[in-house]
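Notes for the one structure printed next.
The values are calculated or read from the model by the stated rules, or taken from the named source; none is laboratory data. What you are looking at is a predicted structure, and each value in this text was computed from that prediction instead of being measured. Neighbour counts run over all protein chains shown; Cβ positions are idealised from the backbone, glycine included. To get the accessible areas, we keep the full protein, side chains included, count just its heavy atoms, and leave off ligands, DNA and RNA. Shrake-Rupley method; radii C 1.70, N 1.55, O 1.52, S 1.80 Å.
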Amino acid sequence: MRVRIKNKHLILALLIFIASTSLVYASGGYLLYFRAEAAKALKNYVKALAYYDALITRYPDHEYVPKALTETILMLADSRDYLTATFLHNRSSRTIPPPEYEELLQSDALTLEERCWMLYEFYQDPDFMDYKYYELKLVFDELATILEERDLAEAEEFYWSIIKNREFRVLLEATERLIMLYLQCDMIDEAVAVWEEAASYSSQLSIFTEWLGHIYFAQGDYEQAKEIYKQGWSSWAAMQKIEMLKKVEGNGKHLIKGAVTINGAPFPGVKVLVYPGPEIIEGDGWYRVRRSSDEYFSVKTRSDGQFVLRLPDGEFEIGIELNRFQMEQVDGLQLRIKNSELSLGPQVLESEKVEFSFIEPLRVIQPEPGFEYSGGPIEIEWTPYPEADYYLVEVYCTFSNPDGKPIVERAWAAKTETTSICLDSLWDPPFFLVFDGEGIHPEALLGRPERIGILIDARTFDGRILPANDALNLFGRPREPGWFTAIFPELTQEEKLIMDRRYAEAFELLQQKITEDPDNLDVLWLLARFYYFGTYVTDHTSLSNFSNRDLDKCLATLRRIEKLAPGPRVEKWMEIVLRELEERQR
């Protein structure tokens, strides 16, 4: 049966709609790509990444998707791979994060690995020819690095699959990475097996001979390695090893074992660097130590965090290098390095194990971050620190300042051999001698700090102060110290006068109140502060020349308080005042 549609205009409109929809779909992809390119040209990489990601996710079949994937991988690779931190015995360095580093890494459209796999699938298609070799190598290297960092077995499977299937676009790259991976992990037999497998497709290439040189070098057969390298080499790794063999005699063979750990657990995949040892430069009555930053060669830690080096006689220094992913794991921790400077010779039969240990710094458990303190007893607890015999708990208070920089004053300290302490208060007795050009600071006179900080030093009985509070900050991110907010009752009338530095009016009001109510403890305490601190400066040559400062009246006021409310708080105040009076009489 034939269906006849009378309205030809309807058909025409439908065809135009379909055509225009297809055109919009196609042009939408181009538009996003060109907007991304424009943003990239202006170095607005966050916006460029957003446009590229929109193209990739909205138009997955668009012809520009491979280009967009390549560009996003380049952006994220810059943020990920070119950010490293290097640590040696007495020095360290790190690369500066690229612009908009943090924002780029926050992209949640696709992970770097997902982008690499998507683009790698394009490259595996024999008909896909729209690429440049360096782009293919970039994707392969990024993918390989991700797999090696995550799991040795996964990286092995990836490389062997390429080798067995003879994927010629990256065949040599996969072969070399697998050989070097095995050698870095001290899996020499496995490296030899790869080299033998590669003979069928690369034996006529100079790189094939160079791989054999690397194998001899890893075995510690330096003379044979020299001879092999003489036949030809082309890589930076080979050049570094040749330079090392030129500088050292090559006699002897020392097996050096080491480990990298993070909070006691293995830290796999960490790059271990071998440098020349320190060199003493002597002059006429002087000398200096020169340390080289020219790396000889490197290995990697295995899945158990261990590494092995075979070195000839000579002076060496061992360091480690972390990539961005590893830096994130150790940021905020401490690094302890042991036995990393090696002096190897015939007399050295066995070297001590080289250790790089990332450990937790001392951390306050209680009070927790965000705690608001309003006075009274408080328990402070912290994590134990290795080698500490005792701890010094110091309480700091901050006061506002007209120039915007807070004034920090130490309130007091307590000593304990345990990892917790209970204090009656964080600021009693609140004798904060904080002065400025006008006199006593109002908040100090009132004993009302804005914030309170707790610092815990770890010490030993032989007098060492341990670096318990040191922590790595590898990304330059702002870190708020352990400060807590102080909460106080609403200001009284006399306290408001003090905050306005109307000290004479406040003092007169206090005298009036104590006459009306001689047992008013709050007024007596504030008077005691008045007599202890004074108010305005009358003579800048001595603290005793402050108006209203009178230690005898302060002591008398404290004795009135002691009769009304005896206890350790007033006893501490009296002890301090009596000590100052005795010192003044000497």
Original post:
Is it fair to say D221 is out of contact with any helix residue (DSSP H, G or I) (no Cβ under 6 Å at 6 or more places or on another chain), surrounded by fewer than 21 Cβ atoms within 10 Å (Cβ to Cβ), closer than 30 Å to R324 by Cα and charged (D, E, K, R)?
Top reply: no
Original post:
aliphatic (A, V, I, L, M), surrounded by 11 or more Cβ atoms within 10 Å (Cβ to Cβ), modelled with pLDDT of 50 or more and closer than 30 Å to L74 by Cβ: does that describe A48?
Top reply: yes
**OP:** Could you please tell me which pairs satisfy a Cβ distance under 6 Å, a separation of 6+ or placement on different chains, a first residue in region 98-117 that is modelled with pLDDT of 85 or more, and a second residue that is surrounded by 15 or more Cβ atoms within 10 Å (Cβ to Cβ) and not in a loop (DSSP other than H, G, I, E, B)?
**Re:** L112/L76; E113/I146; R115/L69; R115/T72; R115/I73; C116/V139; C116/E142; C116/L143
Original post:
Got at least one residue in region 365-372 being among the aromatic types (F, W, Y), buried (at least 17 other Cβ atoms within 10 Å of the Cβ) and not assigned by the TED database to the domain that holds T95?
Top reply: no
Original post:
So Y123 clears everything in (1) assigned to a helix (DSSP H, G or I); (2) within 30 Å of G258 (Cα to Cα) except one condition, right? Which one?
Top reply: (2)
**OP:** Identify all residues within region 275-300 that are hydroxyl-bearing (S, T, Y), touching a helix residue (DSSP H, G or I) at 6+ places or on another chain (Cβ under 9 Å) and assigned to a loop (DSSP other than H, G, I, E, B); write none if there are none.
**Re:** Y296
Original post:
Does R80 satisfy the condition of being crowded, with 19+ Cβ neighbours inside 10 Å, out of contact with any strand residue (DSSP E or B) (no Cβ under 8 Å at 6 or more places or on another chain) and at pLDDT 90 or above?
Top reply: no
Original post:
Among the numbered criteria (1) among the small types (G, A, S); (2) open to solvent by 70 Å² or more (accessible area, probe 1.4 Å); (3) within 30 Å of S206 (Cα to Cα); (4) modelled with pLDDT under 75, which single criterion is violated by G285?
Top reply: (3)
**OP:** May I ask you to say which residue of V194, V272 is part of a helix (DSSP H, G or I), open to solvent by less than 40 Å² (accessible area, probe 1.4 Å), modelled with pLDDT of 85 or more and closer than 29 Å to L152 by Cα?
**Re:** V194
Original post:
Residues in region 503-532 that are of a type in the set (D, E, K, R) and open to solvent by less than 40 Å² (accessible area, probe 1.4 Å): how many?
Top reply: 1
Subject >> Flag for K253 being among the basic types (K, R), within 32 Å of the chain's Cα centre (by Cα) and surrounded by 13 or more Cβ atoms within 10 Å (Cβ to Cβ) >> reply: no
**OP:** Quickly run through region 449-467 and pick out the residues that are part of a strand (DSSP E or B), surrounded by fewer than 18 Cβ atoms within 10 Å (Cβ to Cβ) and at pLDDT below 90.
**Re:** R451, L455
**OP:** Considering only region 329-368, state which residues are under 23 Å from P467 (Cβ atoms), of a type in the set (A, V, I, L, M) and in a strand (DSSP E or B).
**Re:** L335, I337, V354, I359, V364, I365
Original post:
Do you know which of the residues in region 260-269 that are over 23 Å from A144 (Cα atoms) and out of contact with any strand residue (DSSP E or B) (no Cβ under 6 Å at 6 or more places or on another chain) is least open to solvent (accessible area, probe 1.4 Å)?
Top reply: A265
